[in-house]
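Chemist: Handing you this structure, nothing more for now.
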Amino acid sequence: MAVNNQHNTTPIFVLLGLDNVPQLCSLSFVCFLSIYLMTLVGNVIVLTAIVSDARLHSPMYFFLANLSVLEMSYTTVTVPNILNNILRQSNIISFWACISQVYLFTLCATTECVLLVVMAYDRYVAICIPLRYRIIMSQALCLRLASTAWASGVVNSIVQSLPTSLLPYCSFNKIDRLYCEVQPLLQLSCSDTSINKMLTTVSALVFGVGFMSFILVTYVFIVVALLRMPSLSGRLKAFSTCSSHITVVTMYYGALIFMYLRPTSSDSHKVDSVISAVYCMVIPVLNPIIYSLRNKDVKRAIRKIVQIKIPNNMWRGNV
């Protein structure tokens with residue numbers, strides 16, 4: 001009877017990624033709230049700069065605007081729930097709230113993988129086929145590529161989260177994460193998860209290994225094209241348009257590779273929690289900084305926005 005009751009009741013999940021130490025609650029709340037607000041403010045500033053400056057109405061910045069929306073979505077899926085848990089001093093999350101988080105998180109992760117590939121292709125066309133750039137990267141193609149990225153996220157998240165939601169779970173489950181993901185849930189299921197694991201493997205091969213390989217091959221062609229440029233200043237100028245994207249790709253895929261391909265150890269669950277926090281919270285807050293610091297056009301647009309908001313006499317008074 002006890003076993004049947006376990007399977008008939010709605011399962012409860014406990015997120016163990018954040019240690020429940022009362023003395024650290026206030027500090028943890030301030031840290032996560034600061035990360036969340038910085039992510040929102042930074043990406044809103046980048047979005048506003050792109051929309052308001054006509055010189056930034058190009059394919060590269062259109063995809064960057066999509067990435068900014070995605071980064072805000074990433075943190076909104078995870079951080080508010082973490083803040084709520086800290087305030088309630090409880091790490092319990094309901095079954096359907098957990099599944100919803102799995103769906104939205106997978107959507108964001110998949111969309112980011114596709115967007116990074118699209119941005120790499122944009123840089124390839126701009127540097128390797130510059131004379132046909134405007135023809136190839138037309139407004140219609142850019143819209144189709146962006147739509148494909150978001151649609152891929154929706155489809156893959158359904159493929160991953162729906163079968164996961166249908167699995168039987170015991171009544172009480174511990175997850176060594178700050179939020180719900182597919183892999184930890186599969187480990188907690190009381191039934192055979194071979195089909196689910198096959199789906200996650202296919203997803204990892206396509207959106208992880210496959211897309212990362214595409215980006216690497218793309219940059220091989222870009223490097224070859226740069227080396228053929230006669231002018232050193234021309235090479236540096238062309239490479240500067242790729243440096244931000246390279247940095248973001250390195251951080252994002254580096255975190256994923258370290259998390260899923262490293263050997264398991266006794267403290268692997270705690271490391272997984274830290275790495276998962278990196279690519280869903282740290283990277284989104286760093287992306288607007290990376291793109292604004294490494295891009296003169298974005299910095300100019302941001303300065304223009306700030307000067308509009310702050311009276312000129314205040315600027316003169318601070319000089």
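Chemist: Need the full-extension length gain, Ile289 to Val217, defined as separation in residues times 0.36 nm minus the C-alpha distance. One decimal, nm.
Modeler: The span from Ile289 to Val217 would gain 23.3 nm if fully extended.
Chemist: Return Cys108, Cys113, Cys128, Cys31 ranked ascending by Cβ neighbour count within 10 Å, so the fewest neighbours appear first. Intermediate results must be reported in sequence, preceding the final value.
Modeler: Working: Cys108 23, Cys113 26, Cys128 17, Cys31 13.
With the sparsest Cβ surroundings first, the list reads Cys31, Cys128, Cys108, Cys113.
Chemist: Is any residue of the range 57-101 close enough, with backbone N under 19 Å, to a label point placed 7 angstrom from the Cα of Ser138 along the Cα-Cβ axis, and if so, which?
Modeler: 58-60, 62-63
Chemist: Roughly speaking, what is the stretch gain from Thr148 to Leu131, that is 0.36 nm per residue apart minus the C-alpha to C-alpha distance, in nm to one decimal?
Modeler: So the extension gain works out to 3.6 nm.
Chemist: Are there cysteines in the chain with no other Cys C-beta under 4.7 Å, and if so, which?
Modeler: Within the chain, the cysteines lacking a partner Cβ under 4.7 Å are Cys25, Cys31, Cys108, Cys113, Cys128, Cys142, Cys170, Cys190, Cys242, Cys280.
Chemist: Using alpha carbons only, how many degrees (0 to 90, rounded to 10) separate the axis of helix 232-261 from the longest principal axis of the chain?
Modeler: Helix 232-261 sits at roughly 0 degrees to that axis.
Chemist: What angle, in degrees between 0 and 90 and rounded to the nearest 10, separates the Cα long axis of helix 59-88 from the longest principal axis of the Cα atoms of the chain?
Modeler: The answer is roughly 30 degrees.
Chemist: To continue, here is another question. Could you line up Leu115, Leu56, Leu232, Leu167 from fewest to most neighbouring Cβ atoms inside 10 Å?
Modeler: Numbers: Leu115 24, Leu56 20, Leu232 8, Leu167 17.
Fewest-to-most Cβ neighbours within 10 Å comes out as Leu232, Leu167, Leu56, Leu115.
Chemist: For the chain, what does the helix formula give at 222 nm: sum of -39500 (n - 2.57) over DSSP H segments with n ≥ 4, over the residue count, nearest 500 deg cm²/dmol? Could the numbers behind the result be given before it?
Modeler: Values: 14 runs with 239 residues, N = 319.
After summing the helix terms and dividing by residue count, I get -25000 deg cm²/dmol.
Chemist: Please give the helix 296-309 orientation as an angle from the longest Cα principal axis of the chain, in degrees from 0 to 90, rounded to the nearest 10.
Modeler: 80 degrees
Chemist: Distance in nm between label sites at Thr201 and Phe29, each 7 Å beyond Cα in the beta-carbon direction?
Modeler: Going from the Thr201 label point to the Phe29 one covers 4.5 nm.
Chemist: So if each residue of separation counts as 0.36 nm, and I subtract the Cα-Cα distance between Ile92 and Val155, what length gain in nm does that give?
Modeler: 19.9 nm
Chemist: Using a 7 Å offset from the Cα along the Cα-to-Cβ direction at both Cys170 and Val14, what is the distance between the two label points in nm, to one decimal?
Modeler: Distance between the two pseudo-spin positions: 1.1 nm.
Chemist: Return the long-range amide H neighbours of Tyr169 (sequence gap of 5 or more, or a different chain), with a cut-off of under 5 Å between placed amide H atoms.
Modeler: Answer set, sorted by chain and number: Cys190.
Chemist: Across the chain, how many lysine pairs, 8 or more apart or on two chains, come within less than 30 Å at their alpha-carbon atoms?
Modeler: 9
Every number here is computed from the coordinates shown, using simple stated rules; none is lab data. Computed from a prediction, not measured in an experiment: that's the story for all the values here. With ideal geometry, Cβ positions are generated from the backbone for all residues, glycine too; neighbour counts draw on all protein chains shown.
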